[in-house]
Amino acid sequence: MLDIFGRSERTCDGVSRRSFLKVGGLAVGGMSLPGLLRHNAAAAAEGKTPSKKSVILIWQAGGPSHLDMYDLKPQAPAEIRGEFRPIRTNVPGIEISEHLPLQSKIMDKLAIVRSAYHTNAGHGMGSQWMLTGYEPAIEINTNIFPSCGSVVAKMLGANDAALPAYVNLPRPINMGKAAYLGASYNPFSPESDPNSDGFQVRNLKLPGQVDLPRLGRRRNLLSQLDTIRRDIDLAGDMEGLDTFYKDAMHMVTSDKAVKAFDINQEADDLREQYGRNDLGQSCLLARRLVEAGVTYVTVQAGGGWDTHGDNFKQLKTRLLPQFDSALTALVNDLHDRGLQDDVLVMAMGEFGRTPRINGNAGRDHWPGAMSVVYAGGGLKMGQVIGSTNDNGEFPATAAATPGCVLSTMYHALGIDYKHAFYDQAQRPLSILAEGKPIAELL
């Protein structure tokens, strides 16, 4: 049995982001396995043509400050507007923060929705709402509803059968699981920092003492135990685990996944453009993965967006420079490779920050308004959609719910966001509870 423990990350509500994954056992007691892969077998069996489009979501866990990034209010009182000033972009009439200078030069390749919102200021509940499209009724530390990455894995599978459909970088994200869709649609995660000199993805290669013939004998033994495993399966988990074992076998006997995760193949100058930090290198690795055939990658790296204290110092010294380099390099890299229409990039968190600055020079949780960034995916770029009121408190025009934000993404992938799944109680639940694609982006 191999145990891989992820690092623990906490936001102000004390909710731990610690997770662990186990591989190697025949039964996992309901825990997720690393590398729960999803390929195109089901789609092929139904005669469907797999989509070749993909998504990279930069998840800014903690809640980024819309007022200091994309929706500055220079005419507001000092306790609202803060320290930062807007600068012009390469699209006339659009201004963003002075601490996003690289993005200002590629605004023609971006689209900013300034009028996204919801009504829950809790990290866990806000994250679940933004990542699933459903508002949870209670605070919980795991998915009640399937994450958008799991939905994409279920609906489309991977663009290459030797790769997982859904990946979290560098570690599993909170609220990123499959819920009632089943274990086979949980994300694969390397559980390692791609900026580390020793970065490697465990379990992609066979242990030295296990060759292919020996692996084949183990597979035969496992198949002989199938009847016993199903007899003791009371939770209905075996189907999902069978998919895992089949897909994991495919992955470790092919070198495609190993090559896709080998970030050391990238040129040093390109790695510098992305930024030699976990966020920059995770974004570069995400590009490698979607190019190789992964359909959905969520990047949660960098950390620290929960800026209750020293908001402006944290943003200008680390958060915004790293984010600016990573997003700009990713968008430019996709354009250079001709992938801008095939890959949709999104950047968002669970909510925005309070317009009024608190006594610790910070901003607190504010779900009433937030900004969401889109790039590529065949959507219309070079524009700002929606606006907030004078203090950045609430949408003034073109209000966009979590369902609107996510249905736009599903539309870009060709997924029917009204499609219904069935939960454990066999109740039909549509992919999204509400919302429709943002018309200005289509």
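The values are calculated or read from the model by the stated rules, or taken from the named source; none is laboratory data. All values derive from a computational prediction rather than experimental measurement. Cβ placement follows ideal geometry from the backbone for every residue including glycine, while neighbour counts extend to all protein chains displayed. Heavy atoms of the whole protein, side chains included, go into the accessibility calculation; ligands, DNA and RNA do not. Shrake-Rupley method; radii C 1.70, N 1.55, O 1.52, S 1.80 Å.
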When you check Asp342 against the structure, is it of a type in the set (Asp, Glu) and farther than 21 Å from Glu135 by Cβ, yes or no? yes
So, of the residues in segment 290-304 that are open to solvent by 10 Å² or more (accessible area, probe 1.4 Å) and not small (Gly, Ala, Ser), which turns out to be farthest from Leu320 (Cα to Cα)? Glu291
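Table: residues versus (1) over 16 Å from the mean Cα position of the chain (by Cα); (2) touching a residue at least 40 places away in the same chain (Cβ under 8 Å); (3) farther than 18 Å from Val297 by Cβ.
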| position | (1), (2), (3) |
| --- | --- |
| His118 | yes, yes, yes |
| Ser127 | no, yes, no |
| Met130 | no, yes, no |
| Ser150 | no, no, no |
| Leu156 | yes, yes, no |
| Asn159 | yes, yes, no |
β-branched (Val, Ile, Thr) and touching a Ser or Thr at 6+ places or on another chain (Cβ under 6 Å): does that describe Val343? yes
Being more than 23 Å from the chain's Cα centre (by Cα), basic (Lys, Arg) and closer than 24 Å to Pro64 by Cβ is the requirement here; does Arg427 meet it? no
What number of residues within segment 180-199 are without any contact (Cβ under 8 Å) to a residue 40 or more places away in the chain, farther than 16 Å from Leu279 by Cα and in contact with a Phe, Trp or Tyr (Cβ under 9 Å, 6 or more places away or on another chain)? 0
Just to check your reading of the model, which residue among Thr317, Thr328, Thr307 is over 26 Å from Asn264 (Cα atoms), assigned to a helix (DSSP H, G or I) and at pLDDT 95 or above? Thr317
Would you say Leu181 is at pLDDT 65 or above and buried (at least 19 other Cβ atoms within 10 Å of the Cβ)? yes
State which residue pairs qualify: first residue over 12 Å from Leu315 (Cβ atoms) and modelled with pLDDT of 95 or more and inside segment 354-366, second residue aliphatic (A, V, I, L, M) and buried (at least 22 other Cβ atoms within 10 Å of the Cβ) in any location, beta carbons under 7 Å apart, and separation of 6 or more residues or different chains. Pro355/Leu67
Restrict the check to segment 34-43 and report whether at least one residue is at pLDDT below 95, within 21 Å of Asn174 (Cα to Cα) and of a type in the set (A, V, I, L, M, F, W, C). yes
If we keep just the residues of segment 336-350 that are of a type outside the set (D, E, K, R) and part of a loop (DSSP other than H, G, I, E, B), which is surrounded by the most Cβ atoms within 10 Å (Cβ to Cβ)? Gly349
Inside segment 146-170, the number of residues satisfying the requirement of being open to solvent by 30 Å² or more (accessible area, probe 1.4 Å) and part of a loop (DSSP other than H, G, I, E, B) is 2
Here, helices (runs of 4 or more DSSP H) confined to segment 46-142 with at least 2 residues that are more than 30 Å from Asn159 (Cα to Cα) and open to solvent by less than 10 Å² (accessible area, probe 1.4 Å) are 123-132
What number goes with the only condition from (1) at pLDDT below 95; (2) open to solvent by 50 Å² or more (accessible area, probe 1.4 Å); (3) part of a helix (DSSP H, G or I); (4) not charged (D, E, K, R) that Leu241 does not pass? (2)
Which number in (1) modelled with pLDDT of 55 or more; (2) touching a helix residue (DSSP H, G or I) at 6+ places or on another chain (Cβ under 7 Å); (3) exposed (fewer than 15 other Cβ atoms within 10 Å of the Cβ) marks the one condition that Arg230 misses? (1)
Go through the residues of segment 383-398 one by one and say whether even a single one is more than 27 Å from Lys73 (Cα to Cα), assigned to a loop (DSSP other than H, G, I, E, B) and more than 22 Å from the chain's Cα centre (by Cα). no
Condition set surrounded by fewer than 22 Cβ atoms within 10 Å (Cβ to Cβ) and farther than 17 Å from Tyr70 by Cα, scope segment 366-382, selection farthest from the chain's Cα centre (by Cα): answer is Lys380
